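Read the structure below first, then the notes.
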Amino acid sequence: MNEAEVAIEKLKSGEVFFFAGSGISYASNLPSAYAVLEHTVNALLPENLAAEEKSNICKSIQPEVFYESVIGMTQTYESLNIWKSLYKGAQANHQVECEPNLAHLFIAEYSNRNRLPIITTNFDSMFEQAAEALGVKYRVFLPSDAPPCLDEELLCICKVHGSIQDHQGEYSPQSLWMTMTQITAVNTKWIEYISGVMERKHLCFVGYSGRDIDLFPYLSEAPVKRAAKRIVWVNRFDGDYSDNLSRACNALRINLWPSELFELSLSALAMSEFRAKKANQDHENRVAALLTYLETDLIQKNLLSVYEKALMYCILLAKLGKYRKAYECALDLECNKLTYLTRPSSKRLLLLTCARLSHEISRYESCRAYAKQVLNTLKNKPEPDVNAELQARCLVSESLRMEIPNDMYFIQRKTFKDYLYILYVVGHFAYSSITNRIAIRAGGLAYSRLNAETQHELIEHHIRFTAIIQSVLGSPQRGWNNFVKSYLGHKWEDIREMSYRSGYSAGIANAGKFKYRLDPTEKAKAESANIYSLTSSATGAELLIRNEADKLLREKQYDKCRHKFLEYADMAKMSGNTLNEIKGIIGFAYSNQMEGKAYILPASLKQRYCALAGMVEGKRWEQYLSYVEHKISNEDPEKDESSY
């Protein structure tokens, strides 16, 4: 019996319940997520931006990353206006016919017959319309709702990432979960509910990518952790993202389109044969016209000025890991067009963006200067901006931390002044934490009322402080004792859980990245790699490669680790992270020294190193990089050096 036959047998006995993603709606003539994103980009990015560049952004960025930036900057859900193309009222006004297809009708009838819930991440109303077409009574559950009871008499359509319409059937962009924060924060009640159903029935993923962080990691572990039944996954293509996830969770894999499986199942389950209308050219033209109409309407709302659109482009470039290009664009705005940003919040956002990008390209003094500029602009303001203040203060501390040449390969003996500086940085982190708490209370705010960017920056502050402690107590080269490893491991787990509660995906990945240095496990690496891939974090992806290189170095697999160090350096070169590129070259040299090679760095890499060294800001870095230059030149400025 092949996999499809096994699945059909389970369907016949009512042993399966469905978790549906957007892949099942392609045949319903709905606009694709890519098309919606494309028209939003047209409306909210500079008009003079090349069409090819806009297309690259749409292809490269996770939609939730894009919309989180847009909503944060515009402070309104009107930026989601083009998603209205999924709303049946808007479709009717433009004579667009979008109907439930075989997958919707089959799942609705099967689930109703067996009194099973439908779980879906889709925003559209196709399951509701399918139930209405079948004459089935149903109830919709949104993410904020309490889950239904098991064996509910009504058909339960559980829209765990929101819906294009509210409970009254009205268009509601507030009901859409369109940010990384929303699809990262753990929704415990829904995890518990779905996991509970999984203990009785096989969860079947159809048209689902598994890219959300709030649900899938927990559901995929249920068969092992909760003795739930084995997952079934319908996926047509071998080797794609969801296929790889299906293998990782040991799912029963059905290599068919969902519609193909349902076609095969119809006669076996004695169900009516449902057919959806095929798309035609006229329909496609009407969908295109609807999207264009909504795009024009969004442009007319004038949510962003010309210069704010340019700032949004800088932010998106940074999100895509193009730090050098983003920095150049932001610097041009700051130097030449800052006064044209009429909203004070946009001016502060530009300065904070310049600070973050300076940090990413290793200009730490510039990072601190921009952050302090934000703090100076907020002095004696009648209406304080607590969010900008907290973020800027955290960035000042971070710029100081990054001027400590820690966690390097050629370890330079620290002087008394070095230890004083480290103590000063630790004190500054403590000062920032206390001052931030006072600012929150003085502003009459609770942590939960801060904006997402600020909450994430505060978590990052915890991560950076813990990273200082970890680097002081050891390194991948020197190692850590068991007590320290245990202590730090618990700290990273606490930060990971804090990040999940706040919906900070990068915090989850960063905690895993630092924990991996203590205990290199495939699970920690895979989770962080998945998140960095979703969020297009170039720095995070680079550091994962460096962690692998460190592991190979400890195992004395020198050829492999050199290959990884070069990969790390080349990735950093593409993003513009100067310090990471330097670290990759130094790691290459260090592995040569550990293997006992006479010449530890080829001339081409030495030349590359020397060109980069002058681009890193900070006196301590200047001293350290000069010290390393002697090392890679086979000169030893400290004859008694024995600490590496």
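Think of the range 369-489 as having a plus end and a minus end, set by charges on the Cβ of Lys, Arg, Asp and Glu; of 442, 484, 405, 484 sits farthest toward the positive end of this dipole. Each DSSP beta bridge with both residues in the chain is either parallel or antiparallel, and the antiparallel ones are about 10%. Which parts of the range 216-236 would a label at residue 255 reach, counting a residue when its backbone N lies under 18 Å from a point 7 Å out along Cα-to-Cβ? Hits in the range 216-236 for residue 255 at 18 Å: 232-236. Rounded to the nearest 500, the helix-only mean residue ellipticity at 222 nm of the chain stands at -19000 deg cm²/dmol, with each DSSP H run of n ≥ 4 adding -39,500 (n - 2.57). Of 149, 17, 563, which is farthest on the positive side of the dipole of the chain, counting Cα position, with +1 on Lys and Arg Cβ, -1 on Asp and Glu Cβ, and the Cα centre as origin? Of 149, 17, 563, it is 563. Listed values for the range 42-50 are Karplus-derived 3J(HN,Hα) couplings in whole Hz (6.51 cos²θ - 1.76 cosθ + 1.60, θ = phi - 60°), namely 4, 7, 10, 10, x, 4, 7, 6, 4, and x replaces Gly and Pro. Put simply, when 310-317, 185-192 are sorted by average Cβ atoms within 10 angstrom per residue, most first, you get 310-317, 185-192.
Put +1 on the Cβ of every Lys and Arg and -1 on every Asp and Glu Cβ in the range 550-644; which of 615, 587, 552 then has its Cα farthest towards the positive end of the dipole? The one lying farthest along the dipole's positive direction is 552. Using a simple spin-label model with points 7 Å from Cα along the Cα→Cβ vector, what separation in nm is obtained for residue 574 and residue 92? Spacing of the two 7 Å Cα→Cβ label points: 4.8 nm. For the chain, a crude dipole built from +1 on the beta carbon of Lys and Arg and -1 on the beta carbon of Asp and Glu, taken about the Cα centre, is about 1720 debye to the nearest 20.
A simple spin-label model places pseudo-atoms 7 Å from Cα toward Cβ; at residue 60 and residue 174 they are separated by 3.6 nm. Applying the criteria of a DSSP loop state and at most 12 other Cβ atoms within 10 Å to the GluC sites (Glu not before Pro) of the range 1-59 yields 47.
Taking 18 Å as the straight-line reach from the Cα of residue 631, the aspartates and glutamates in range (excluding those fewer than 8 positions away in the same chain) are 407, 581, 595, 622, 640, 641.
Rounded to the nearest 20 Debye, what is the dipole magnitude of the range 550-644 about its Cα centre when Lys and Arg each give +1 and Asp and Glu each give -1 at the C-beta? Roughly 280 debye, rounded to the nearest 20.
Each Cα pair under 8 Å and six or more residues apart adds its separation to the average, and for the chain the resulting relative contact order is 13 percent. Taken one residue at a time, the phi angles of the range 542-553 give Karplus couplings (6.51, -1.76, 1.60, θ = phi - 60°) of 4, 5, 5, 5, 5, 4, 5, 4, 4, 4, 5, 5 Hz. Gly and Pro are set to x.
Remark: for residue pairs 414/597; 325/491; 88/137; 59/619; 84/523, the C-alpha separation exceeds 30 Å in 325/491; 59/619; 84/523. Taking label points 7 Å from Cα along the Cα-to-Cβ direction, residue 149 and residue 3 give a separation of 3.8 nm. Considering only C-alpha atoms, what is the centroid distance from the range 230-252 to the range 169-192, in Å? About 24 Å separates the Cα centre of the range 230-252 from the one of the range 169-192. Pairs exceeding a 28 Å alpha-carbon distance, out of 556/606; 225/564; 513/556; 322/515; 337/379; 225/485: 225/564. With Cα atoms defining each centre, the range 18-81 and the range 374-424 are spaced 36 Å apart in the structure. Within the range 434-507, the trypsin sites (Lys or Arg not before Pro) that combine a DSSP coil assignment with at most 14 other C-beta atoms in a 10 angstrom radius are 478.
Here, each number is a calculation from the coordinates, and none is a lab measurement. Keep in mind it's a predicted model, so treat the numbers as computed, not measured. Here the Cβ is made from the backbone with ideal geometry for all residues, glycine too, and neighbour counts use every protein chain on show.
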